[in-house]
Every structure is written in structure tokens, then in C-alpha cells.
Amino acid sequence: MAGLNSFLKIFMPKNKIFYELFEKVANNVAKMGSILRDLVAEPDFDKRGALIAQLEDLEHANDEHTHSLFTELGRNFITPFDREDIHYLATALDDIADYIYAAGKKINFYRVNPNDTGMQKFAELIEQSAEQVRIAVTELRDMKNMRSITEALVKINSIENQADDIFDFSIEKLFAT
């Protein structure tokens with residue numbers, strides 16, 4: 001049995017690279033959510049450019065982390081959880097970063113009014129959900145704490161419902177003017 005364990009250790013990842021990379025991406029997503037909120041509230045359109053640059057830097061860093069995740073997926077025979085789930089999570093986190101960056105660029109391009117309360121609330125909800133994503137991803141390292149992951153996912157769903165209501169209200173307000 002000792003020989004089998006030694007043999008299996010060859011195939012085990014030598015470190016927790018998947019968790020480390022996921023956590024880097026999730027931390028960047030949370031930062032991007034905060035920057036987006038700041039961007040929406042910023043009345044100085046020149047200062048918005050610096051915030052867009054920060055979003056761009058974080059989005060590019062996440063692209064590199066995502067590529068590293070895919071590279072590690074190809075290198076490691078045994079992974080901490082299912083390969084398809086790792087691929088799906090990496091892609092989903094990358095998509096979140098892409099969407100936040102794209103939203104920031106459009107907010108700046110269209111010169112969205114910083115006094116638009118609907119947009120401010122929407123940005124706050126994005127920030128909150130990005131933080132819950134960070135919490136959930138960080139908890140993956142210790143799968144014994146599924147309760148924290150579940151709580152974060154429930155909060156994300158609740159935030160999504162609030163965002164739907166704000167979106168509907170904002171569209172109604174847009175067509176009423």
C-alpha cells in the first residue's frame with residue numbers, strides 16, 4: 001500500500017495552484033466591482049479615465065491568471081475537483097471580469113450621469129455580488145465550509161433579483177421622460 005501511495009503522489013498537484021489562481025481572479029473581480037462603483041459616482045470625466053485604466057489592468061491580469069489555470073489544467077493529472085468544473089469556473093470568473101470592464105467603458109463612453117440613482121444602486125449591487133463571488137471562491141479551498149459557499153451563492157441570487165428590479169425601474173423611468 002505504501003508503494004501505491006508513493007506512486008499516486010507523482011500525479012498529485014504539488015501545490016494548491018488552482019486555489020491560488022482562482023483566489024487571485026476572485027480578488028481582482030471584487031476590486032473591479034469597487035472600481036466600477038467609484039466610476040459611476042465620479043463626476044469628473046477626466047478622473048474616470050484613470051478608473052477605466054485600473055479596470056483594464058485588472059481585466060488583463062485576470063486573463064493571464066485564467067490562461068495559467070488552463071495551462072495547469074493541462075499539466076496536472078489529478079485536480080482538486082472535476083476538470084470540467086475548473087474550466088467552467090475559470091471561464092465564468094473571466095466573463096465576470098470582462099463584463100465589468102465592458103460596463104465601465106460604456107459608462108464612460110456614454111458619459112452616464114453620476115447623479116443617476118438607478119445606475120449608482122446597480123453599481124453598488126455589482127460591487128456586493130463581486131464581493132460574494134470572492135467569498136465563495138476563497139471558501140473553495142476548504143470544502144468543509146460549504147455553508148459559507150452556499151450563503152454567498154444565496155446572497156448573489158438575492159442581489160440579482162434586486163438588480164432585476166432596479167433595471168426594470170430604470171427602463172420605466174427612461175421611457176417616461
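The values are calculated or read from the model by the stated rules, or taken from the named source; none is laboratory data. This structure is a prediction, so every number in the text was calculated from the model and none was measured. Here the Cβ is made from the backbone with ideal geometry for all residues, glycine too, and neighbour counts use every protein chain on show.
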Inset, instruction - Go through segment 46-68 and give me each residue that's of a type in the set (Ser, Thr, Tyr) and over 18 Å from Tyr99 (Cβ atoms). - result: Ser68
Inset, instruction - Name the residue, out of Glu172, Glu160, that is over 21 Å from His87 (Cα atoms), modelled with pLDDT of 90 or more and under 22 Å from the mean Cα position of the chain (by Cα). - result: Glu160
Inset, instruction - Would you mention how many residues in segment 120-146 are surrounded by 18 or more Cβ atoms within 10 Å (Cβ to Cβ) and closer than 13 Å to Leu39 by Cβ? - result: 5
Legend entry - Sole exception among (1) of a type in the set (A, V, I, L, M, F, W, C); (2) within 19 Å of Ile135 (Cα to Cα); (3) surrounded by fewer than 21 Cβ atoms within 10 Å (Cβ to Cβ) for Phe77, by number: (2)
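Here is a check on your reading of the model: is Leu125 within 18 Å of Glu59 (Cα to Cα), in a helix (DSSP H, G or I) and touching a residue at least 40 places away in the same chain (Cβ under 8 Å)? I'd like the intermediate steps shown before the answer.
Numbers: within 18 Å of Glu59 (Cα to Cα): no; in a helix (DSSP H, G or I): yes; touching a residue at least 40 places away in the same chain (Cβ under 8 Å): yes.
No.
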Inset, instruction - Report the residue count in segment 82-113 for those that are at pLDDT below 95 and under 11 Å from the mean Cα position of the chain (by Cα). - result: 0
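Among the residues that make up segment 149-157, is at least one of them within 14 Å of Gly33 (Cα to Cα) and surrounded by 15 or more Cβ atoms within 10 Å (Cβ to Cβ)? Reasoning before the result, please.
Of all residues in segment 149-157, those within 14 Å of Gly33 (Cα to Cα) come to 156.
Then drop every residue that is not surrounded by 15 or more Cβ atoms within 10 Å (Cβ to Cβ), which leaves 156.
Yes - at least one qualifying residue is present in segment 149-157.
Being of a type outside the set (Lys, Arg), over 30 Å from Phe18 (Cα atoms) and in a helix (DSSP H, G or I) is true for just one of Ala136, Ala163. Which residue is that? Before you say what the answer is, go through the steps one by one.
Working: Ala136 fails: over 30 Å from Phe18 (Cα atoms).
Testing whether each residue is of a type outside the set (Lys, Arg), over 30 Å from Phe18 (Cα atoms) and in a helix (DSSP H, G or I) leaves just Ala163.
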Legend entry - Members of segment 139-160 that are free of Cβ contacts under 8 Å to residues at least 24 places away in the same chain and either touching a His at 6+ places or on another chain (Cβ under 8 Å) or assigned to a helix (DSSP H, G or I) (or both): Glu139, Met146, Arg147, Ser148, Ile149, Thr150, Glu151, Ala152, Leu153, Val154, Asn157, Ser158
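Say we look at segment 12-47 and pick out the residues that are in a helix (DSSP H, G or I) and over 21 Å from the mean Cα position of the chain (by Cα); which of these is surrounded by the fewest Cβ atoms within 10 Å (Cβ to Cβ)?
Going through segment 12-47, the residues in a helix (DSSP H, G or I) turn out to be 17-41, 45-47.
Keeping just the survivors that are over 21 Å from the mean Cα position of the chain (by Cα) gives 45-47.
Values: Phe45: 10, Asp46: 7, Lys47: 12.
Restricting to residues being in a helix (DSSP H, G or I) and over 21 Å from the mean Cα position of the chain (by Cα), the top hit is Asp46.
Looking at Leu69, is it part of a helix (DSSP H, G or I), touching a Leu at 6+ places or on another chain (Cβ under 7 Å) and crowded, with 17+ Cβ neighbours inside 10 Å? Don't jump to the end; show me each part of the working.
Details: part of a helix (DSSP H, G or I): yes; touching a Leu at 6+ places or on another chain (Cβ under 7 Å): yes; crowded, with 17+ Cβ neighbours inside 10 Å: yes.
It is true that Leu69 is part of a helix (DSSP H, G or I), touching a Leu at 6+ places or on another chain (Cβ under 7 Å) and crowded, with 17+ Cβ neighbours inside 10 Å.
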Inset, instruction - Can you run down the residue pairs with Cβ atoms below 7 Å, 6 or more apart or on separate chains, where the first is in segment 74-91 and without any contact (Cβ under 8 Å) to a residue 24 or more places away in the chain and the partner is surrounded by 13 or more Cβ atoms within 10 Å (Cβ to Cβ)? - result: Arg83/Leu73; His87/Leu73
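Answer with yes or no whether Asn145 is closer than 26 Å to Glu23 by Cα, under 18 Å from the mean Cα position of the chain (by Cα) and not hydroxyl-bearing (Ser, Thr, Tyr).
On the way: closer than 26 Å to Glu23 by Cα: yes; under 18 Å from the mean Cα position of the chain (by Cα): no; not hydroxyl-bearing (Ser, Thr, Tyr): yes.
In short, no.
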